[in-house]
Amino acid sequence: MDTTFVDKVIQFNRNLQYSGNLPDDFQVLNPYLDNPETMVVMEKFYHKYYNDSNQRKFLIGINPSRHGAGVTGVPFTDTKRLESVCGIKMESAYTHEVSSVFIYDMMAAYGGADEFYRDIYINSPFPLAIVRKSKGSWVNANYYDDKELFNDVKNFMIDSLKKHISLNLDISEVFILGKKNAEFISKLNNEANLFDKMTVLEHPRYIQQYKSKEKDLYIDKYILALKNK
């Protein structure tokens, strides 16, 4: 019997670890190792929405934040929306993530979480949270914030993207969240020849933070792009 989408994703997440170099003052957080409940809720989520062999479109983020997938193990999903929309309660953590708000509002307009996740798979080229030390405390970081960091994680990201693609994703057109993210994914694509066409959408955090008055326009833009047959 063919392995279903859910089995492949769970296997990918179970085996996920980064053991490469990092510049000083950067750290990688692995929620699956840090919190046993993360593995449990992540598996419930994928069993609920991905228990099939459908081909899906690929929506590509940057890397998880420490309040979203850095806790839940589910991209762009904080504990609030994991419970209120997906019906999966997390006992050991409570998080609110700005990007998650936009993604789930967009999903509601798309036709709801069931329909959205039947068509779309979301993940990131660097699928673990990255933090950097700033004034004595740890803050979210993006894989492209530092040239040395990008060079350190580049091969790991190419490998991760190839593993995502092997889940049965449509690579004729992929959707990249964030313009700067797209610049760096273009570099990876030129090197590894992963995708045929890349369509860039504004990042959910940027929309929520700076363009909230025009949020509905951005939701429409996402849906038009993603539902484009």
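HIS96 meets the conditions (1) open to solvent by less than 50 Å² (accessible area, probe 1.4 Å); (2) closer than 28 Å to LYS211 by Cβ; (3) not in a strand (DSSP E or B) in every case but one. The failed one is (1). The residues on offer are ILE103, ILE122, and the sole one that is of a type outside the set (Gly, Ala, Ser), at pLDDT 95 or above, buried (at least 18 other Cβ atoms within 10 Å of the Cβ) and not in a helix (DSSP H, G or I) is ILE122.
Taking the stated definitions as given, is GLY61 modelled with pLDDT under 95, touching a Phe, Trp or Tyr at 6+ places or on another chain (Cβ under 7 Å) and of a type outside the set (A, V, I, L, M, F, W, C)? So GLY61 does not fit the description; no. Comparison of VAL71, VAL139, VAL153, VAL131 shows that the only residue that is crowded, with 23+ Cβ neighbours inside 10 Å and farther than 23 Å from PHE175 by Cα is VAL71.
Residues satisfying the criterion are present in the stretch 38-57 (criterion: touching a helix residue (DSSP H, G or I) at 6+ places or on another chain (Cβ under 7 Å), assigned to a helix (DSSP H, G or I), more than 19 Å from HIS164 (Cα to Cα) and open to solvent by less than 10 Å² (accessible area, probe 1.4 Å)).
The set of residues from the stretch 159-196 being surrounded by 15 or more Cβ atoms within 10 Å (Cβ to Cβ) and of a type in the set (Gly, Ala, Ser) comprises SER160, GLY178, ALA182, ALA192. Does any residue of the stretch 86-93 turn out to be crowded, with 24+ Cβ neighbours inside 10 Å, over 17 Å from ASP34 (Cβ atoms) and either touching a strand residue (DSSP E or B) at 6+ places or on another chain (Cβ under 9 Å) or touching a residue at least 40 places away in the same chain (Cβ under 8 Å) (or both)? The answer is no, given that none of the residues of the stretch 86-93 is crowded, with 24+ Cβ neighbours inside 10 Å, over 17 Å from ASP34 (Cβ atoms) and either touching a strand residue (DSSP E or B) at 6+ places or on another chain (Cβ under 9 Å) or touching a residue at least 40 places away in the same chain (Cβ under 8 Å) (or both).
Within the stretch 5-32, being of a type in the set (S, T, N, Q) and open to solvent by less than 20 Å² (accessible area, probe 1.4 Å) holds for ASN13, ASN30. Checking ALA108 against (1) crowded, with 20+ Cβ neighbours inside 10 Å; (2) assigned to a helix (DSSP H, G or I): exactly one of these is not met. Which one? With respect to (1) crowded, with 20+ Cβ neighbours inside 10 Å; (2) assigned to a helix (DSSP H, G or I), ALA108 is out only on (1).
The values are calculated or read from the model by the stated rules, or taken from the named source; none is laboratory data. In this text, all values refer to a predicted model and were calculated from it rather than measured experimentally. All Cβ positions, even for glycine, are placed from backbone atoms using ideal geometry, and neighbour counts span all protein chains on display. Side chains are part of the model used for accessible areas, which takes the heavy atoms of the whole protein and leaves out ligands, DNA and RNA. Shrake-Rupley method; radii C 1.70, N 1.55, O 1.52, S 1.80 Å.
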